[in-house]
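The values are calculated or read from the model by the stated rules, or taken from the named source; none is laboratory data. Fair warning: this is a prediction, and the values are worked out from it, not measured in the lab. Cβ atoms come from the backbone with ideal geometry, glycine included; neighbour counts cover every protein chain shown. Only protein heavy atoms, including side chains, enter the accessible area calculation; ligands, DNA and RNA are left aside. Shrake-Rupley method; radii C 1.70, N 1.55, O 1.52, S 1.80 Å.
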Amino acid sequence: MKNRVSGLGTVAALGVALLAAGATAPPPQAPMPPHLSVELGADASFSATTLGPAAILSPDGAVLVFVAQKAAGERPQLYVRRLDQLHATPLSGTEGADSPFFSPDGEWIGFFANGKVKKIAVKGGAPVTVCEAGSADGNSRGGSWADDGTIFFAPRPRAALLRVPSAGGSPEPLTRLDTATGEVTHRWPQALPGGKAVMFTAHDQTGDFEDANIVVQSLPDGPRKIVQRGGYYGRYRGSGHLAYMHEGTLFAASFDLSRLELTGQPVAAGEHTSLSRREARLCSCQDRASGSPCQFNGWTAKEGCSPCAPYRPSTTTPRFSPDGRLLAMEIREGRQIDVWVYEWERDKISRLTFDAGENKSPVWTPDGRRIAFASTRGDKATRNLYWQRADGTAGAEPLTQSSHAQMLTSWHPLGRFLAYDEQNPQSRLDIMILPLDGDEASGWKPGKPTVWLASPFDESNAAFSPDGRWLAYQSDESGRIEVYVRPFAGSGEKRQVSSGGGMYPAWSRNRKELFYQQAADWTLMVAAYATEGDSFRAEKPQPAGRIPRRGMGMPGFDLHPDGQRFAVLKAAQEPTEVRQDHVVLILNFFDELRRIAP
């Protein structure tokens, strides 16, 4: 089974292996090209959270740049190692760096940090801000520096590509999402040689990319076309090939750069070795009274801590039932994503959904009888909302029908309103409200959805307060994702709760506390609050625990109804046990591509 974090490691491995080919020696005599395992040359390991290549080689193959961190919990930064030297040098001022890319002359390194596109000289010095990326740390999805000095980049997980002069300026649109096919993301761009086109990955979701498309768009504003279906992270290589990833395997096919199309059938070029493979399990996090983690051991736990769910690869979005006895979660097994329910007192886990496709983001109804979720079962290109009895005694029933992708987030405590996200091509991510009429005896009837909040920015992950009067949500209107609170109905001002970036708000059910995940370092934060009429006032947020970084696009925690414990998605191995401080260089790789894909 392959999880998403493993896929991100694939990107890192691909970035190294393919770019290493630029420094090849004479054609190999052996059937397979030599593979060299090289130490990074620094007391650090690859960042497990990068969403692009973790290591890249300069155009001349002489310099290795990588994203690494000295210890778990520390912010990653860029390191530079010249391959004729034994040691790497950290680049000061690049803390929080992600997805590096070289300038065509190899003298500069572009990267993302603190919601900005930046550049820094390979020799060091002060980083220079190129432009605002419009996202929080770690939310960019790759960049590329063209021969004419233009930088192409993906600002957010759900966005088209932008372009900006490398000297600085205001970003302008480069691509447009194809809403007719349900596209929600363009990412990992590559400026092709000659300045004629840019290559990128397009998909109708932001999770599993096995069914994504590799697309080229002519420049400056020409048409686009799909060059390969079922693959991601496409890269044109100097040997005249397109290389890309699919199901953990590197594929290559001959590619005509002038016609921008494949001229041969893709062939397997080697199975990858992931640089950041992480296994995960569901486990209670921090007991607030003692301040210590609840350590799991052999499916039992210390007194006062609820036990972990059994290990499953690629588990995300844990949700406690209203009585706290059960946990709903989504589990990915291959391409299939389903909702599962875990009863921790009996150490029993059962699968709730069985339809093919995606079944995501489970949310319990306030009475605990049903679980609502987003699914592609009705239209494989679009996620809509469904619900199903939590005991699995009945099939799923539709709640919404829309051509726009949806993801539900919270039930009103009375059970008559459902908050969810909807991807709109004009206003990006909007917060919607679905009313429901009826009862269990007479049956339920979904009403007409209404827009609660829509703007030119992304608003998402709305959560109802325990009394139903307030909605907490996240928005990137300030240029960074922050948590805000507004009245659900009536008048009242918007109040910002987080500072320094925040996402995935969660209310305590028995205390005047609002939790959220800090965007920069994944610290779990809590803010005490008070209300008076339509006025909401939050105190300064304080740390409440740590959430292991997993590179997931969905929340990795939930607050237990007792307000004292959290369910979090935790790495099965501590970072010290999976330290990655080597890079694999493949020599003569272009010759190997020419041999297997003439």
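May I ask you to list the residues in the range 432-478 that are open to solvent by less than 20 Å² (accessible area, probe 1.4 Å) and at positive phi?
Selection gives G468 alone.
Quick one: count up the residues across the range 41-67 that are modelled with pLDDT of 85 or more, in contact with an Asp or Glu (Cβ under 8 Å, 6 or more places away or on another chain) and open to solvent by less than 10 Å² (accessible area, probe 1.4 Å).
Here the count works out to 1.
If I filter the range 513-543 down to residues being over 20 Å from the mean Cα position of the chain (by Cα) and touching a residue at least 60 places away in the same chain (Cβ under 8 Å), which single residue comes out as most open to solvent (accessible area, probe 1.4 Å)?
Only one residue tops the list, namely T531.
Scan the range 99-110 and give yes if some residue there is farther than 20 Å from A146 by Cα and touching a residue at least 24 places away in the same chain (Cβ under 8 Å), otherwise no.
Checked the range 99-110: no residue is farther than 20 Å from A146 by Cα and touching a residue at least 24 places away in the same chain (Cβ under 8 Å).
Within the bounds of the range 168-176, is there any residue that is among the basic types (K, R), part of a loop (DSSP other than H, G, I, E, B), closer than 30 Å to E422 by Cα and open to solvent by 20 Å² or more (accessible area, probe 1.4 Å)?
Scanning the range 168-176, I find at least one residue that is among the basic types (K, R), part of a loop (DSSP other than H, G, I, E, B), closer than 30 Å to E422 by Cα and open to solvent by 20 Å² or more (accessible area, probe 1.4 Å), so the answer is yes.
Check T393 against each of (1) open to solvent by 10 Å² or more (accessible area, probe 1.4 Å); (2) in contact (Cβ under 8 Å) with a residue 12 or more places away in the chain; (3) assigned to a loop (DSSP other than H, G, I, E, B); (4) more than 29 Å from I481 (Cβ to Cβ) and name the one condition it does not meet.
Looking at each condition in turn, T393 falls short on (2).
Failed condition for R158, given (1) assigned to a loop (DSSP other than H, G, I, E, B); (2) open to solvent by 20 Å² or more (accessible area, probe 1.4 Å); (3) in contact with a Phe, Trp or Tyr (Cβ under 9 Å, 6 or more places away or on another chain); (4) closer than 26 Å to I481 by Cβ, with all others met?
Unmet condition: (3).
Does G96 fit the bill of being within 16 Å of R141 (Cα to Cα) and either among the aromatic types (F, W, Y) or part of a loop (DSSP other than H, G, I, E, B) (or both)?
yes
Mind telling me which of the residues T409, T400 ends up being buried (at least 20 other Cβ atoms within 10 Å of the Cβ) and more than 23 Å from G492 (Cβ to Cβ)?
On the way: T409 fails: more than 23 Å from G492 (Cβ to Cβ).
Only one candidate passes the filter, namely T400.
Out of (1) at pLDDT 90 or above; (2) farther than 24 Å from L162 by Cβ; (3) assigned to a strand (DSSP E or B), what's the single condition that is false for Y236?
It is condition (2) that Y236 fails.
Go over the candidates M199, M245 one by one and state the one that is farther than 23 Å from G115 by Cα, touching a residue at least 24 places away in the same chain (Cβ under 8 Å), out of contact with any helix residue (DSSP H, G or I) (no Cβ under 8 Å at 6 or more places or on another chain) and outside any loop (DSSP other than H, G, I, E, B).
One residue alone meets the criteria, M199.
Among (1) closer than 15 Å to A472 by Cβ; (2) modelled with pLDDT of 90 or more, there is one condition K540 misses while meeting the rest; what is its number?
Tallying (1) closer than 15 Å to A472 by Cβ; (2) modelled with pLDDT of 90 or more, K540 fails exactly one: (1).
Identify, by number, the condition in (1) open to solvent by 20 Å² or more (accessible area, probe 1.4 Å); (2) outside any strand (DSSP E or B) that F209 doesn't meet.
In the conditions (1) open to solvent by 20 Å² or more (accessible area, probe 1.4 Å); (2) outside any strand (DSSP E or B), F209 misses (1) alone.
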